[in-house]
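**Student:** Sending over a structure as structure tokens; questions will come in a sec.
The values are calculated or read from the model by the stated rules, or taken from the named source; none is laboratory data. Everything numeric in this text was worked out from a predicted model, so none of it was measured. Neighbour counts are summed over all protein chains in view; Cβ atoms, including those assigned to glycine, are modelled from backbone coordinates with ideal geometry.
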Amino acid sequence: MRDNRYRRQTAAGPQEIVSREIVFKPPPQVHYGSQMMAKLNSLIRPLVQALHPYVPGEQPKIPGLIKLNTNENPYPPSPRVRAAVRAAVDARLRLYPDPSAERLREKLAQLHNCRIENILVSNGSDEGLALAVRGFVEPGMEGDSGTVQYFTPSYSLYPVLADSHGARKNAVPLHPDFSLPSVAELKRGKAWQFHSALTLITTPNAPSGRGYETASLEKLCRAQKGVVVLDEAYVDFARENALALALQFPHVLAARTFSKAYSLCFQRVGYLVGHPGLIGAIHRLRDSYNVNGLGQIAAETTLDDLPYYQGNFKKIIATREELSRELTKLGFRVLPSQTNFILTRPPVYSARQWLAKLRDHKILVRWFSAPEVDSYLRITIGTMAEARLLLTAARQILKR
Ligand SMILES: Cc1ncc(COP(=O)(O)O)c(C=O)c1O
């Protein structure tokens, strides 16, 4: 398969490589002749040439923007965590970190009332998800053994992971209100594969924020014959979590992260919980030193300081509820959320226009072009002060 993007850009001149959402401009002093580009392209696997990379939310270079676009926590890591990381910046930076993050896994095992063999720590939960794809899905195979299955909309990384592994994708729509279809509905609908090698379920759902009941997830897990990963990135802001299912069913894993609820995006620490059989398989596959040393220390200390974070969950949930109420008064349709963000359909202007108008007010939010959600904005819950600034901006935009 040839790369259409490359052909398009050679027609226009070789200086700019345009994919769906990113633009790569080679440094001006380097001349990329079209012959050279064609030669280099022939060295790259067709699968990689055709790949649409995951598009992360903007990390702005200009100061002073209110950043409500990537579901980061508005509160810093606890003072103890920051002190522990600072104290670890010493001569030991020359050493490799603990390759199996044993102390962190011990603490996590204690927290979740399981054994250290039930836990794999990863470089963000993204790495755990990628390892699951590599570990359980046969690339290039038609049918169940080669399929990564997920609901749409859900985390937009899943199709990228499937594509980059050469796996088949089976994307099955959620209900229009983003609730989970029942097992009976999935059976009737025929599109769902109960034997798919891997099923990824974002719970609570992103980008809708909708929470799912453990009882419904349990029914789905019972019906599923391949591996199921319950991606619980936002679960600390929800009413229920389904971690018990990962310890109950040998084919179910839970993916968790320190990024969102524990204010550690920068350090990249996540983990998988599940049966030692599956967890052990992923240990064989991962890089030896997949989690950096400072990240391990930050995560360990986080687990010693949980009341600080539980206080922050309460503040974020209170802000989420107040922001939802106030936006509703302004005519926004706000979906109920069990996460640290809301999905909302704005009034008067299109969601895409609101994205630009809020940016003019120095407020970054997120808009997705996928048809199921393109009339919505996803807004991360910041501090109460940030929520009030957002509301002031929204009122001004609506007045004009
Ligand atoms: C649903 C979901 N899962 C996993 C992640 C990955 O989190 P991290 O790799 O930072 O742990 C994200 C990040 O946005 C997410 O939205």
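**Student:** In segment 171-184, how many residues are surrounded by 14 or more Cβ atoms within 10 Å (Cβ to Cβ), in a strand (DSSP E or B) and touching an Asp or Glu at 6+ places or on another chain (Cβ under 9 Å)?
**Tutor:** Of the residues in that region, 0 qualify.
Yes/no matrix, rows are residues, columns are (1) within 16 Å of the ligand (Cβ to nearest atom); (2) not acidic (Asp, Glu):
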{"residue": "Ser263", "(1), (2)": "yes, yes"}
{"residue": "Gly270", "(1), (2)": "yes, yes"}
{"residue": "Gly277", "(1), (2)": "no, yes"}
{"residue": "Asp287", "(1), (2)": "yes, no"}
{"residue": "Asn292", "(1), (2)": "yes, yes"}
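**Student:** Same structure, new question: For segment 269-286, enumerate the residues that are without any contact (Cβ under 8 Å) to a residue 60 or more places away in the chain and within 14 Å of Gly128 (Cα to Cα).
**Tutor:** Arg284
**Student:** Search segment 155-170 for residues being more than 12 Å from the ligand (Cβ to nearest atom) and closer than 12 Å to Leu198 by Cα, and hand back the single one that is nearest to the chain's Cα centre (by Cα).
**Tutor:** Of everything passing the filter in segment 155-170, Ala162 is nearest to the chain's Cα centre (by Cα).
**Student:** Does Glu72 fit the bill of being touching a residue at least 12 places away in the same chain (Cβ under 8 Å), acidic (Asp, Glu) and in a loop (DSSP other than H, G, I, E, B)?
**Tutor:** yes
**Student:** Being modelled with pLDDT under 95 and farther than 22 Å from Leu51 by Cβ narrows it down to one of Lys190, Lys219, Lys225, so name that one.
**Tutor:** Just one listed residue meets the conditions, Lys190.
**Student:** Could you list, ordered by first residue, the pairs with Cβ atoms under 8 Å in which the first is in segment 110-124 and more than 7 Å from Gly270 (Cβ to Cβ) and the second is within 13 Å of the ligand (Cβ to nearest atom) and of a type in the set (A, V, I, L, M), at least 6 apart or interchain?
**Tutor:** What qualifies is Ile119/Leu272; Leu120/Leu131; Leu120/Leu272; Val121/Val269; Val121/Val291; Val121/Ala299; Asn123/Val269; Asn123/Val291.
**Student:** Here's something else I'd like to know. Name the residues in segment 324-365 that are of a type in the set (A, V, I, L, M, F, W, C) and under 23 Å from the mean Cα position of the chain (by Cα), would you?
**Tutor:** Let us first name the residues in segment 324-365 that are of a type in the set (A, V, I, L, M, F, W, C), namely 327, 330, 332, 334-335, 341-343, 348, 351, 354-356, 358, 363-365.
If the condition is that a residue be of a type in the set (A, V, I, L, M, F, W, C) and under 23 Å from the mean Cα position of the chain (by Cα), then Val334, Leu335, Phe341, Ile342, Leu343, Ala351, Leu355, Ile363, Leu364, Val365 are the ones that fit.
**Student:** Condition first: at pLDDT below 90, under 19 Å from the mean Cα position of the chain (by Cα), closer than 30 Å to His361 by Cα and of a type in the set (D, E, K, R). Can you find one or more residues in segment 72-92 that meet it? It would help to see each step written out before you state the result.
**Tutor:** First, pick out the residues of segment 72-92 that are at pLDDT below 90: none.
Scanning segment 72-92, I find no residue that is at pLDDT below 90, under 19 Å from the mean Cα position of the chain (by Cα), closer than 30 Å to His361 by Cα and of a type in the set (D, E, K, R), so the answer is no.
**Student:** Would you be able to tell me the number of residues in segment 68-98 that are out of contact with any Asp or Glu (no Cβ under 9 Å at 6 or more places or on another chain) and either away from the ligand (no atom under 16 Å from the Cβ) or acidic (Asp, Glu) (or both)?
**Tutor:** 19
**Student:** When you go through Leu111, Leu129 one by one, which is the residue that is at pLDDT 95 or above and within 15 Å of the chain's Cα centre (by Cα)?
**Tutor:** On the way: Leu111 fails: within 15 Å of the chain's Cα centre (by Cα).
Within the list Leu111, Leu129, the selection yields Leu129.
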